[in-house]
Each structure stands twice: as C-alpha cells, then as structure tokens.
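J.: One structure coming up, written as structure tokens, with questions to follow.
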Amino acid sequence: SYGDRIRVNDFVLAAGSRRIAVDGVIDPRGQQAFKVSIDSLRLLGISQFLGLGELDGELNGSVDLGGPARTPELTAGWDVDLRSRGDAIGTAQGRVEWRGDGLKLEASVSPSKGDSLWVKGRFPLVLSLPGSGSAGGLVTRISGGELALDAVGREIDISKVRALLDREKARDLKGKLSVDAHARGTLDAPRLSGDVTLRDGRIRIPSLGATYEGSARLRLQGQEVQLAQARIEAGKGRMDLSGSVRLDAFPTAAFDLTSQLREFRVASTEELR
C-alpha cells in the first residue's frame, strides 16, 4: 500500500533456493520497520539487462531500516561471489551501519588470486527521511564530526577485472595496484596521508587501435593528492603527467595538473591515425 507511508506485507519472490523477501513499513512522519533479505540471487540476468555482458555470480544481502524518520537507523550487509564466462573473478563483502553518530563502513574486494582491498571508515553524516521535518536533506553533515577512512591493499592484480569489461571497447587490462590511503580530520578540512601506486598497467582500446601502458604514483599529504609520478606510453611515444588535486572541502576540489606529450600515439585505425 502507498500513501502517507509505504507498507509491504510479506512479499516473497523465489525460484528454488533463490529468494528475495520484503516486509515492513516506511513512514516519513513516524516509525520505520522495513526489511529486505536476498538469498543466492543470480546476477547474470540482471547484468545482461544492465548491459554488463557476461558478469555472473550470486548475491546474498540484507537491509534493515528502523527508528524515527528524523533519525532512522540503517543496517545493510552484502556478500557477492563474481564470475564471468565461467571464470572466477573474486568476492566482495561489506557491512554498513548508519546511526545517529554517523555512517560506519567495512568492505573488502578479494580477487580470486592475490591480495584484497580493504576499506574501513566512519563518516560524520546523518540520515533523515524526506518529509520527516528535518531541516536538512536526505543526508546532512554532523557539525565538527570526525572523519576516519582507511583503504589498504598490496599488489592487487587488476587483470581480474577485465572479465567485467566489454571486449569490443577494452581488452588486455593488466596492472598491479597498491593502496595505503588514510583520511582523518573533518569533511570540511580532511587530512590525507599515504600512497596509491599502479605499476605495469596496460589496456588496449580496439576502436582506437592503440595500446596504452604505464605506471603512476599518488602521494596523499595534508589536503592534497599529489601526482608524484605518472607516465603513459603508446606507440613509440609517451605522456608524462604531474601536479596535484586539492580537497578544500569534500567534495570540492581544485586541480593543478600538467601533461607533456612526445610522439604519443593517440589512435591508429583505418579511419583515424
């Protein structure tokens, strides 16, 4: 039923062991009690509908919304096992807790081989439902709230992601990604530290008839993301990049970037060379 509030009474969509269940009420002027549960949902049909090619796998997850509309509490978790064209890609897992003291996140992405990328954070943001009478919007900042975000992963093989790419648009994705990135302070004045490095990167774009190879290193310091080293090679030439991106107040950014190109092969096809 739909009106001043939304109510779903024991909706279940099932096929064998695969199941989606929804139950509860969302009331912008009252109390919330809404749950979604997903068991062994296969992703292939959804991926093809969204134009993601042969991405397949299974999703297990849940969402639980409760509490008053002005300060509802949201808990969500997910566990995804991904594969494409019969090959295992990896898994993605995570959990979100959104309460009156902010948003807490723990998540990981684990390729079928190699190290995982772990993300853990706390964001000074509160959730309020539209129509609840809250002065802010759906998401508002906690004044003076502390930011804490950590992302860590070593020598992550990004070639495992190429199964997700449309082969007509991009092929031969390779590279090793290392992340040791941290953020503290506030959203208005974040304090960054750490490094993000990509080495032995490679991608081929069939429509341009060109292959690009390169490496890059980002240094996080204070409120800046510094491009300490970046070079992309194509054909017999190269592109060198340098500069920085300054986060004055998230998500506002100021860019100061420079690129120098020397015989850089942009494209090599019958139509464009």
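The values are calculated or read from the model by the stated rules, or taken from the named source; none is laboratory data. All of these numbers come straight from a predicted model, not from anything done at the bench. Positions of Cβ are generated from backbone atoms using ideal geometry, with glycine treated the same way; all protein chains shown enter the neighbour counts. Surface accessibility is based on the protein's heavy atoms, side chains included, excluding ligands, DNA and RNA. Shrake-Rupley method; radii C 1.70, N 1.55, O 1.52, S 1.80 Å.
J.: Which percent of Cα pairs goes in each bin when the distances of the range 41-81 are cut into 10 angstrom slices starting at zero?
T.: Per 10 Å bin, starting at 0, the Cα pair percentages come out as 27, 32, 24, 17, 1.
J.: Pairs on different chains or at least eight residues apart, Cα atoms closer than 14 Å: how many lysine pairs in the chain fit?
T.: Numbers: Lys104/Lys120; Lys113/Lys160; Lys113/Lys174; Lys113/Lys176; Lys160/Lys174; Lys160/Lys176.
Lysine pair count for the chain: 6.
J.: Now for a separate question. Report ³J(HN,Hα) in whole Hz for each residue of the range 194-203, in order, from the Karplus equation J = 6.51 cos²θ - 1.76 cosθ + 1.60 where θ = phi - 60°; Gly and Pro get x.
T.: In residue order, the calculated couplings are x, 9, 10, 10, 10, 10, 6, x, 7, 7 Hz.
J.: What do you get when you divide the Cα radius of gyration of the chain by 2.2 N^0.38 Å, with N the number of residues?
T.: Working: Rg = 22.5 Å, N = 273, 2.2 N^0.38 = 18.5 Å.
In units of the globular-protein estimate, the chain measures up at 1.22.
J.: Here's something else I'd like to know. Where only protein heavy atoms count, and the probe is 1.4 Å, what is the accessible area per residue for the range 9-65 in Å²? Don't skip to the answer; put the middle values down first.
T.: On the way: 3430 Å² over 57 residues.
For the range 9-65, the solvent-accessible area averages 60 Å² per residue.
J.: Is the C-alpha gyration tensor of the range 1-147 telling us rounded, prolate or oblate? Criteria: a/c under 1.5 is rounded; beyond that, a/b larger than b/c is prolate, otherwise oblate. Can you show the working numbers first?
T.: On the way: a/c = 2.68, a/b = 1.37, b/c = 1.95.
It comes out oblate by the Cα gyration axes.
J.: Still on this structure, please answer the following. Each residue of the range 173-180 in order: what ³J(HN,Hα) in whole Hz does its phi give by Karplus 6.51 cos²θ - 1.76 cosθ + 1.60, θ = phi - 60°, with x for Gly and Pro?
T.: Residue by residue, the range 173-180 yields 5, 9, x, 10, 10, 10, 10, 9 Hz.
J.: Here's something else I'd like to know. To the nearest 0.05, how large is the calculated FRET efficiency for Leu208 and Ala88 if R₀ is 45 Å and r is the Cβ-Cβ distance?
T.: 0.90
J.: May I pose another question? How much net charge surrounds Ala163 when only the other residues with a Cβ under 9 Å from the Cβ of Ala163 are counted, with Lys and Arg +1 and Asp and Glu -1?
T.: Details: positive: Arg83, Arg85, Lys160, Arg162; negative: Glu54, Asp87.
Once positives and negatives cancel, what remains is +2.
J.: Starting from the exponent 0.38 and prefactor 2.2 Å, build the expected Rg for the range 43-129 from its residue count and divide its actual Cα Rg by it.
T.: Output field value: 1.32.
J.: For the range 137-224, what's the relative contact order in percent, using C-alpha pairs closer than 8 Å and at least 6 residues apart? The partial results should precede the final answer.
T.: Values: 177 pairs, mean separation 23.3, N = 88.
Over the range 137-224, the number comes to 26 percent.
J.: Also, I was wondering about something else. Given H placed on each backbone N at 1.01 Å, which residues far from Arg265 in sequence or on other chains put an amide H within less than 5 Å of it?
T.: For Arg265, the qualifying residues are Ala234, Gly235, Lys236, Gly237.
J.: Would you mind calculating the gained length between Asp10 and Ala254 on full extension (0.36 nm times residue separation, minus the Cα-Cα distance), in nm to one decimal? Please report the intermediate quantities before stating the final value.
T.: Details: separation 244, 0.36 × 244 = 87.84 nm, distance 4.94 nm.
Gain on stretching Asp10 to Ala254: 82.9 nm.
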